1. Tally time: how many residues in the stretch 346-360 are surrounded by 18 or more Cβ atoms within 10 Å (Cβ to Cβ) and not aliphatic (A, V, I, L, M)?
2. So which of 361, 373, 339 is at pLDDT 95 or above and farther than 15 Å from residue 411 by Cα?
3. Could you figure out which of (1) at pLDDT 95 or above; (2) more than 16 Å from residue 249 (Cα to Cα); (3) away from the ligand (no atom under 16 Å from the Cβ) isn't true of residue 119?
4. Determine which single condition residue 328 fails, assuming it passes every other condition in (1) over 30 Å from residue 228 (Cβ atoms); (2) of a type in the set (A, V, I, L, M); (3) within 16 Å of the ligand (Cβ to nearest atom).
5. Somewhere in the stretch 50-63, is a residue within 16 Å of the ligand (Cβ to nearest atom) and touching a helix residue (DSSP H, G or I) at 6+ places or on another chain (Cβ under 8 Å)?
6. For the stretch 261-277, indicate whether the set of residues that are within 23 Å of the chain's Cα centre (by Cα), at pLDDT 95 or above and over 30 Å from residue 167 (Cβ atoms) is non-empty.
7. Restricting to the stretch 122-176, give me the number of residues that are among the basic types (Lys, Arg) and at pLDDT below 95.
8. When the stretch 157-174 is examined, which residues are found to be touching a residue at least 60 places away in the same chain (Cβ under 8 Å) and surrounded by fewer than 24 Cβ atoms within 10 Å (Cβ to Cβ)?
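The values are calculated or read from the model by the stated rules, or taken from the named source; none is laboratory data. These numbers were taken from a predicted model, which means no experiment stands behind them. Quick reminder, even Gly has a Cβ in these numbers, built from the backbone with ideal geometry, and neighbours come from all protein chains shown.
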Amino acid sequence: LPPTRELAARLSVSRTTVIAAYDRLIGEGFATARLGSGTYVENLAPARVDADGRRTSLRPRRIWRAVPPLPASLWSPAEFDFRPGVPDAQLFPYAAWRRLLGREFRPQSAGGGYGHPAGHPGLRDAIARHIGAARGARAAAEDVIVTNGTQQAVDLIARVLLAAGDRVAVEDPGYAPPRRLLASLGLRIAPIPVDGEGMLVDVIPAGTRLVYVSPSHHFPLGPSMSLQRRIALVGWANRNGAAIIEDDYDSEFRYSGRPIEPLQTLDTHGRVIYVGSFSKTMLPSLRLGFLVAPRSLRVALEAAKYVTDWHTPLQTQAAMARFIVDGLFARHIRRMRSVYRQRHQLVLEHLERSFGDVLDVIPSSVGLHLAAVARRATADQVRSIVVRALAAGVACQPLSMYAAGGAPLAGIVIGYGAIEAERIGEGLTRLRDCFEP
Ligand SMILES: Cc1ncc(COP(=O)(O)O)c(C=O)c1O
């Protein structure tokens, strides 16, 4: 800006007026004064205009540019839905759930005020019993914190244990939402390759503070982590003073073979935080999950839950507690296990019969999806196949979308949670046609 004396002369006003105007510009952030040099216009980001024609000057922090918004393909309905990770919402016991939920919305029910951040006492107890019986995990009710799904469990753990700049190891390929969450908190992500036995523990960088793994059923490839590798990982965490998040998201659905013990049962030094979800066994829309933490973290995790959202909706928690205690949960899992077992078998047979020349199925007998590696096609070619398939009414996912930093794998993930057995054959036949050039 011109010197105050010069501008005052040019405009024929008093210098006091110009000084007052400059002071105001400086006070509002439009200009800065540099001692002995003058007054300068601030380098302001140009104001933009949003869709409504309003000026928008607020900008998210740079870190959010690297966090992609939800992919549209997650929502778009498909005639044949082979997207992984979604249970069959048509077979959910709505009548029983409505009855239990209805009981919680009466004046005499206790759910009208704020609840305890750690969760509904009955649900914490029911979860502790369920994972003890179903998974052999060690937990008392006080060790359980009810969360809004796995995603919030990871958030609470990261808040309590880590500071921006800390390093976190994740599986590559791996489940993306927690990885993106951790990156958004300013943590440095170390993608660690996996082989048929799970994460390559030997290549976790020194100084890593937290490891996020899905040992019971690797997402998306499918194998379980070998006992040797699980022992190595817990040993590594002990030697390095690190924590492990064990994401046990779908192991209620196992169709053959012996269930593997959770990492948590191998942990003698309080390094493993076990995380579970009702998104596969019930519905993802309930946003209901939990974590089981070592006692040393309990108070801070409860405080983190309290400052984040106080608590998970009490009526949902109370209904879930009754659902478990009344035996409805075990019955629903039994029923769905037999439904999914049949679909798993059908998908497997069809892939082996009709895709043998283009795909190699990765053996797995847990959960709601199967992964297969392309025999010749590149990752880019598989992406095009998936796009063609969607246009033909078939939704599935390319393995490459789960790459966490390393080279994207060429392959495909086929979920069977949401597709009826009778439609699997036709859907996969259409998918097979998309492999032809
Ligand atoms: C590896 C993995 N963990 C956890 C979840 C469930 O997450 P949430 O409990 O936040 O719904 C999923 C769902 O697809 C998953 O694939």
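1. Adding up the residues that qualify gives 2.
2. 339
3. Going through the list (1) at pLDDT 95 or above; (2) more than 16 Å from residue 249 (Cα to Cα); (3) away from the ligand (no atom under 16 Å from the Cβ), residue 119 breaks only (3).
4. All conditions pass for residue 328, except number (3).
5. The answer is no, given that none of the residues of the stretch 50-63 is within 16 Å of the ligand (Cβ to nearest atom) and touching a helix residue (DSSP H, G or I) at 6+ places or on another chain (Cβ under 8 Å).
6. Checked against the condition, which is being within 23 Å of the chain's Cα centre (by Cα), at pLDDT 95 or above and over 30 Å from residue 167 (Cβ atoms), the stretch 261-277 yields no hits at all.
7. Matching residues across the stretch 122-176 total 2.
8. Those that are touching a residue at least 60 places away in the same chain (Cβ under 8 Å) and surrounded by fewer than 24 Cβ atoms within 10 Å (Cβ to Cβ): 159, 160, 161, 172.
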